[in-house]
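> Quick one: structure below, then a few questions.
Read the figures in this text as sums done on the coordinates, not as results from a lab. What you are looking at is a predicted structure, and each value in this text was computed from that prediction instead of being measured. Reconstructed Cβ throughout: ideal geometry from the backbone, glycine too, with neighbour counts over all protein chains shown.
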Amino acid sequence: MDEKTIKEALRKGERVTLECKRAKVEVPKSVWATYSAFANTIGGLILLGVNEDMQEKDILKRYQIIGVDEPRKIVTDFWNTLNSDKVNENILVDSDVEVVNMDGAQIVCIHVPRADWRAKPIYLNGNVYKGTYRRNNEGDYHCTEVQVKAMIRDSNVDGNDSILIEYYGMDDIDPDSLRQYRTEFRQENSTHVWNRVDDKTFLRNLGGYTEDRQTGREGLTLAGLIRLILPVFLPNIVYRWWYVCSGIYILADSGSCLSCGSCLYLPCSP
């Protein structure tokens, strides 16, 4: 990060990927909400030692480089806090935090990348539902519970097929359909040990049935619902789907999310 790049960012003004904060000898407490918000959205740049005059309409005069008094202390304090239990995960590397000389002053530049989907959500103070933020325009906002749950689901390395679908169990499966499915499996895998287990164990082994150990609830997974129920009872229906993508519900007529193709999907009324 150099002086030219920073000045160019300031000329464009504070926006979804830029946050300026006044700081002298300490890391501003508000830095952490911005860290979470940037990480959970598209990343961004935090500048410490830059004052913003919210009343100034001229963008060229809106920002004042005032610098920080103790840049090395601020950098050290920042890293110490980042690697504590203040945040659930540190996604930065050494080169993401720099001290830059500008107009005779020193400012601290913190580049926050977008978090990997497997690391989201990035949250504060050990509380995923109250400490998760997102970036909108120039502000940091608390994520709703729906948005947090969407990020948690998206971070599932095994995909979303294993999600427990409440209120759907073994009684909802068409017996003939399951019998046919097992017959086809047996023909392709005649010596497989799964051929000797009961229906529920068979589906559990395939990923079509699961149990939530925290709540004790059990039932079909999304994969089981789609593969063993919907095609049987409504074989000629073209389904429309609700997709939960980064906390936003998207209605589509196809079998994949129009935004990212890999988020939580639930069928709605045809």
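> Through the Karplus equation 6.51 cos²θ - 1.76 cosθ + 1.60, θ set to phi - 60°, convert the phi angles of region 58-63 into ³J(HN,Hα) values in whole Hz; use x for Gly and Pro.
Those phi angles translate into 6, 4, 6, 10, 6, 10 Hz.
> Right, another one. Calculate the translational D of region 117-188 in whole µm² s⁻¹ from Stokes-Einstein, where the hydrodynamic radius comes from the Kirkwood formula applied to all Cα pairs, the temperature is 37 °C and the viscosity 0.692 mPa s.
After rounding, the answer is 211 µm²/s.
> Beta carbons within 10 angstrom, averaged per residue: use that to sort the peptides 173-180, 105-112, 188-195, 65-72, highest first.
Averaged packing, sorted descending, gives the order 105-112, 65-72, 173-180, 188-195.
> For a quick protection proxy, order the peptides 202-212, 54-64 by their average other-Cβ count within 10 Å, most packed first.
Top to bottom by mean Cβ count within 10 Å: 202-212, 54-64.
> Follow-up. Dipole of region 1-103 (Lys/Arg Cβ +1, Asp/Glu Cβ -1, origin at the Cα centre): which of 92, 80, 63 lies farthest to the positive side?
Farthest along the dipole direction, towards plus: 63.
> Pop a pseudo-label 7 angstrom from the Cα along the beta-carbon direction at both residue 195 and residue 127 and give the gap in nm to one decimal.
5.6 nm
> Using θ = phi - 60° and the Karplus form 6.51 cos²θ - 1.76 cosθ + 1.60, what ³J(HN,Hα) does each residue of region 184-194 get, whole Hz, x for Gly and Pro?
Per residue, the Karplus-derived 3J(HN,Hα) values read 5, 5, 5, 5, 7, 9, 5, 9, 5, 5, 5 Hz.
> If contacts are Cα pairs under 8 angstrom and at least 6 residues apart, what is the relative contact order of region 3-143 in percent?
31 percent
> Sticking with this one: Rounded to the nearest 0.05, what FRET efficiency do residue 77 and residue 42 give with R0 = 41 Å and r taken as the Cβ-Cβ distance? Could you check?
Between residue 77 and residue 42 the formula returns 0.95.
> Let me ask something else about it. Per residue, what volume in Å³ does the convex hull of the Cα atoms of region 3-143 enclose?
103 Å³
> Please list 3J(HN,Hα) in residue order for region 41-55, calculated via the Karplus relation 6.51 cos²θ - 1.76 cosθ + 1.60 where θ = phi - 60°; whole Hz, with x for glycine and proline.
Listing the rounded values in order: 10, 10, x, x, 10, 9, 10, 9, x, 10, 8, 10, 8, 5, 7 Hz.
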